[in-house]
Amino acid sequence: MTKPQIDRQHQMTALLRRELAVAEAMRKLNDFRDSIGWKQDRTPAQKGMLSSIPPITAFMGMEG
């Protein structure tokens, strides 16, 4: 491999490690929230917006 290729590979490895660290932090946060029974409070506007979104099966052509 040439030096530029090796440098690029190191950059990609560093990026992947950062992404994995973020994913691990999110997993730990979600585990903590689950353990304390945390539920996100939503405003009435947010609830209305979420209720207007069809279930994912509608996007996959699996509507019943």
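The values are calculated or read from the model by the stated rules, or taken from the named source; none is laboratory data. This one's a predicted model, so the numbers in the text were calculated from it and none came from an experiment. FYI the Cβ positions are ideal-geometry reconstructions off the backbone, even for glycines, and counts take in every protein chain you see. Heavy atoms of the whole protein, side chains included, go into the accessibility calculation; ligands, DNA and RNA do not. Shrake-Rupley method; radii C 1.70, N 1.55, O 1.52, S 1.80 Å.
The string of couplings for the stretch 43-48 from the Karplus curve (6.51, -1.76, 1.60, θ = phi - 60°) is 6, x, 5, 5, 4, x Hz, one whole number per residue in order, with x for Gly and Pro.
A probe of 1.4 angstrom, applied to the heavy atoms of all protein chains, finds Thr43 with accessible area near 70 square angstrom. Of the trypsin sites (Lys or Arg not before Pro) found in the stretch 4-45, those that fall in a DSSP loop while having at most 12 other beta-carbon atoms within 10 Å are Lys39, Arg42.
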